[in-house]
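Written out below as structure tokens is the structure these notes cover.
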Amino acid sequence: MRTHMMKAPSRPIMIAILIVLMAVLFPPVQAQDVLIVAPNGTYTTIEAALTAANPGDVIEVHGGTYPAPLVVDKTVSLIGVNQPVIDGQGKGSLVLINAPQVVFSGFIVRGSGQSLAHEDTGIVIQGSQVTVSDNRLEDVMFGIYFADASGGLAQNNIIQGKRLEESMRGDGIRVWYSNDVQLIGNEITHGRDTLIWYADNITIRDNHIHHNRYGLHFMYNENAVVENNIIENNAVGAYMMYSTGLVMTGNRYINNRGASGYGIAFKDMDHAQVADNVFIGNVAAIYLDNSPSLYDEHNIISQNFIAYNDVGLMGLPSVQRNIFQNNTFLENYQQISVQGRGNLLGNIWNQDGIGNYWSNYVGYDRDGDGIGDMPYRAEKLFESLADSEPILRLFAFSPASQAIDFAASAFPSLRPDPKVIDEAPQMHYILPAGIPESSPGVSLPFLVFTLFLLGTGITICVFTLRGSGEHRSSRKSLEAVQTGA
């Protein structure tokens, strides 16, 4: 029997096969070209450069004004030099990025349309992994809109909305059905909201969000990180709804004083961590509504500085299973407010023997361990009345409020049930970095004016007393003369 053996391919054939495989598996990298767009350059329009560009090319757009809309359908980097302007002259959306991995940086984008129904927008992103950075958006209805565009980055942009009534504005940034988006170092002002809808794994860091309706507005999101932002002078600082896994740390919520005026508000929020934030000058620093919503979940609210707000913590009486530890409640007009009949005793107000600092705590620390020997109890009658009739807060420091609380202390039958009991109140607190330990000094003009008023008052009193003394002296002299006569 003859055995047939396969003949090995020759060396040239092997080399050819390897070359084909290498070409298929590792295609040659195309050289990156730089195309220049300028009013007097090789390309005078961005559209012409886009037509000539290959994926991966860089298009430098030099200073000048270029018309909108600009549609980017190729993976390129558009880099502005000397702040070129994309001007929509008040019509429609301005920049539409449809390709993935586009970079758009260094432009002024201005003058969108004013239609809420058509969502006229400065920059619309509909491709994945798009970077939009170092741009200035002016007079835009919506600012930057991630529309089903995951993995994007908006960094160091200035976004200024149209000067309209809050309800008529568009969102400064909107993230819709777009996971893994990062918003870092932006300034967002005069918009409606920074809106995050149906988007998971969002990072919001180092932004300055001011003079909007809602600084942040979350709905149906998971695992967001919100850290080191300044959110101030909005109607509401942050309204977080129907979401889970939020981590909110190192933010400053200052002077958010709209009709609601919450620093942050939680509705149906689960597994949230709120730590090391500062709340100053809001109508209510923290508002809780059915959060957490799941019976096996807790929210942790710890190490926050809550000072000089109208209300420190406001909640519905159904709110339970929040853990409050090591927070500072400092000189709020009202520390705790319950919106309805009931209390907040279903929450945890101390853990591992550590509670919170309350500036109106009147207990003592006999053993010097920094923890009060008596529980803190929020049970003032006037505050309970003010919960039902908020207008009564106008009289918070009046003799009337003091009389009501004195009557409640003298007659236990008038004393309301406590809203909060903290079994381990702290005796001391630590100011966060950047907050002065003392109030600002008195200005020289104010001091001079005060001294002037004080001197005037003293002068009037002196002359009044002197006149009274002279009158009494004259009267005595007259009586002596009459007696002698």
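The values are calculated or read from the model by the stated rules, or taken from the named source; none is laboratory data. Everything numeric in this text was worked out from a predicted model, so none of it was measured. Because the Cβ atoms are built from the backbone with ideal geometry, glycine has one as well, and the counts that use them run over all protein chains shown.
Overview of values
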item: Qualifying residue in the range 314-333 (condition: modelled with pLDDT under 95, small (Gly, Ala, Ser) and either part of a strand (DSSP E or B) or farther than 20 Å from TYR214 by Cα (or both)); result: yes
item: Counted residues, the range 343-363 - those being assigned to a loop (DSSP other than H, G, I, E, B) and aliphatic (A, V, I, L, M); result: 3
item: Conditions (1) in a strand (DSSP E or B); (2) under 24 Å from ASP417 (Cα atoms): number failed by GLY340; result: (1)
item: Residue pairs meeting the criteria (Cβ under 7 Å; at least 6 apart or on separate chains; first over 15 Å from VAL102 (Cβ atoms), in the range 65-84; second of a type in the set (Phe, Trp, Tyr) and surrounded by fewer than 23 Cβ atoms within 10 Å (Cβ to Cβ)); result: PRO84/TYR66
item: Failed item in (1) more than 18 Å from the chain's Cα centre (by Cα); (2) buried (at least 24 other Cβ atoms within 10 Å of the Cβ), with ALA284 passing the rest; result: (1)
item: Some residue of the range 48-59 being in a loop (DSSP other than H, G, I, E, B), under 15 Å from VAL103 (Cα atoms) and modelled with pLDDT under 95; result: no
item: Residue match in the range 90-99 (condition: polar (S, T, N, Q), within 30 Å of SER167 (Cα to Cα) and either out of contact with any helix residue (DSSP H, G or I) (no Cβ under 8 Å at 6 or more places or on another chain) or modelled with pLDDT under 95 (or both)); result: yes
item: Test for VAL225: is it at pLDDT 95 or above, farther than 20 Å from GLU331 by Cα and in contact with a strand residue (DSSP E or B) (Cβ under 7 Å, 6 or more places away or on another chain); result: yes
item: Single residue of the range 135-194 satisfying the filter (in contact with a His (Cβ under 7 Å, 6 or more places away or on another chain) and either crowded, with 24+ Cβ neighbours inside 10 Å or of a type in the set (S, T, N, Q) (or both)) that is farthest from LEU78 (Cα to Cα); result: ASP193
item: Residues (closer than 13 Å to SER93 by Cβ, of a type in the set (A, V, I, L, M, F, W, C) and in a loop (DSSP other than H, G, I, E, B)) located in the range 118-141; result: MET141
item: Criterion violated by SER112 - all others in (1) in contact (Cβ under 8 Å) with a residue 12 or more places away in the chain; (2) out of contact with any strand residue (DSSP E or B) (no Cβ under 8 Å at 6 or more places or on another chain); (3) among the small types (Gly, Ala, Ser); (4) assigned to a loop (DSSP other than H, G, I, E, B) satisfied; result: (2)
item: Neighbours by Cβ (under 6 Å, 6+ apart or cross-chain): first from the range 248-262, at negative phi; second of a type in the set (Gly, Ala, Ser) and in a loop (DSSP other than H, G, I, E, B); result: ILE254/GLY281; GLY258/ALA235
item: Candidates ASN234, ASN212 - the one that is buried (at least 17 other Cβ atoms within 10 Å of the Cβ), under 10 Å from the mean Cα position of the chain (by Cα) and part of a loop (DSSP other than H, G, I, E, B); result: ASN234
